[in-house]
Amino acid sequence: MEKIKTLRGFRDISGEELDTFKRIEACARKYLKLLNFTEIELPILEKTELFVRSIGDTTDIVEKEMFTFTDIGGDSLTMRPEATAGMVRSYLQSGLYATQRVSKLFTLGPMFRHEKPQKGRFREFHQIDVEVFGIGDPLIDAELLWMIHMLLQELKVNTYDIEVNSVGCPECRESFRKVLVEYFETKKDMLCEDCVRRLERNPLRIFDCKNTQCIEVSTESPVLFEYLCEECTRHFDEFQQHVSSFGFSVRINKRLVRGLDYYTRTVFEVTSNDLGAQKAFIAGGRYDNLVEEMGGPKTPGTGFAIGVERLALITMSEKAVSTPTYFFAYLGERAKKYLIPFIKSFAGAGLSLVYSYDERSLKSQMRYADSLNADFVFILGDNEVERGIVLLRNMKTKIQYELLLDPSILPREAIKLSIE
Ligand SMILES: [Zn+2]
Ligand SMILES: [Zn+2]
């Protein structure tokens, strides 16, 4: 029979990579708790409308990348492509906006985008998503970046850049839009079909186009940064002052735009050259109008998402401080009676004990112990039971010890010998 495999862009994660994931998550949790964030779990499936309204109907994500389907009841549903939309929905649905002046929330979990799979990019991928509602002050934006900086230091990610930009507010964007349309009109014949359409509906989205010719046209266009209104300029200046007070460095990239409509003012990406062409692994920014656009009261918001797969690629793998592995090789009925006492007493002492479940020859058990890289092997046969002892062989030095056959004291004896 033909074997069933995972879907394209979906995969099983295990071993060292999963260990790194868990380490990244634990480290992120530590700093988030330190800064008073609350963890929340959100559904993976939401109404399609939630993403269309928040992310924007002319974005690549909504136009091309969502896993959307009609369920048995006839509703259009979507597997979340990102977490901010669901966070805002939850924030409004739970009424947090009415009870908390400031809400700091984070969530961990899988997201889904129908993209072409490539290095570190999958259709099911994992994010750590961090959102703050209720703070308009740029101090919080600088503080979030500082937290990212500390997290990356602790994970020993050596080479990364924090790129920042301001995408302004609707007011400065409106005046810039005219400048931009004027520019792209002159280059219309070089733009792809999608971008010609975007030119009318949402010219800022042309900057996200992955078409090489569109990228070329975009790199010479005017930038919004030069058209920021007075308030947005002041906000960005203050943000930069806070960054320098925290004492880490950022680089202004005036061409940085995020592929989602809801961003306002400060946006950022953390990039690494070790990641190839698409080098961002953390991205975020401010979204001061999103809560209102989703039906809530006017509430400023800011946040970011960490791409766990991509961060894992550049996180130094760290061998866990290894405790020795013990193997219990037994031969004969009388010896086997000691198996459960061994299991219980090693687990009780927090030591890893491996053994074979079915009775096999001593030779085969020793081979098994070898294949598992066991550091020590207990050997127990009729002869040893008779004498009230058990052999303990150090697999590296090949030295063999005789110990008293008393499972309750053996873990302690074994540790003593492994330290020697
Ligand atoms: Zn503005
Ligand atoms: Zn294009």
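Using a cutoff of 8 angstrom between alpha carbon atoms and counting only pairs six or more residues apart, the relative contact order for the range 277-420 works out to 19 percent. Charge dipole of the range 18-128 (Cα centre as origin; +1 on each Lys and Arg Cβ, -1 on each Asp and Glu Cβ, all else neutral): 600 debye, rounded to the nearest 20. For the range 1-144, averaging the sequence separation of C-alpha pairs within contact (under 8 Å, six or more residues apart) and dividing by the residue count gives a relative contact order of 25 percent. Scoring 323-334, 69-80 by mean Cβ neighbours within 10 Å over their residues and listing the highest first yields 323-334, 69-80.
Here the scattering of the range 189-292 is modelled by Debye summation over its C-alpha atoms, one equal scatterer each and no solvent; at q = 0.20 Å⁻¹ the log10 of I(q)/I(0) is -1.26. Going from the residue with the fewest nearby Cβ atoms within 10 Å to the one with the most, F281, F246 rank F246, F281.
When shorter helices are ignored and each DSSP H run of at least 4 residues is given -39500 (n - 2.57), the per-residue value for the chain at 222 nm works out to -11000 deg cm²/dmol. P(r) tail for the range 102-174: Cα pairs beyond 16 Å make up 70% of the total. In plain terms, the chain from E41 to F248 could stretch by 71.4 nm, reckoned as 0.36 nm per residue minus the Cα-Cα distance. Of all DSSP bridge pairs formed entirely within the chain, close to 80 percent run antiparallel. Residue order for V243, V130, fewest other beta carbons within 10 angstrom first, comes to V243, V130. Going from the residue with the fewest nearby Cβ atoms within 10 Å to the one with the most, S218, S371 rank S371, S218.
Cross-link check: pairs K178/K279; K336/K398; K363/K398 evaluated at a Cα-Cα cut-off of 27 Å; pairs beyond the cut-off: K178/K279.
For a label point 7 Å from the Cα of D370 along Cα→C-beta, name the residues of the range 381-398 whose backbone N is under 16 Å from it. Correct set: 393-398. The average projected area of the range 1-143, computed from the convex hull of its Cα atoms over all directions, is 12.1 nm². Using C-alpha pairs below 8 Å separated by at least 6 residues, the relative contact order for the range 103-171 is 26 percent. The Rg/Rh ratio of the chain, with Rg taken over Cα atoms and Rh as the Kirkwood radius over Cα pairs, comes to 1.13. Applying 0.36 nm per residue to the separation of R334 and Y183 and subtracting their alpha-carbon distance, the gain on full extension is 45.6 nm. Across the options M190, A26, G95, the greatest Cα extent toward the positive end of the charge dipole of the chain (unit charges at beta carbon of Lys, Arg, Asp, Glu) belongs to A26.
Between the Cα long axis of helix 230-246 and the first principal axis of the chain there is an angle of about 30°, rounded to the nearest 10.
Lysine pair count for the range 4-134 (Cα-Cα distance under 21 Å; residues 8 or more apart in sequence or on different chains): 10.
Readers should treat all values here as calculations from the given coordinates under stated rules, not as data from a laboratory. These numbers were taken from a predicted model, which means no experiment stands behind them. All Cβ positions, glycine included, derive from the backbone under ideal geometry; neighbour counts span all protein chains shown.
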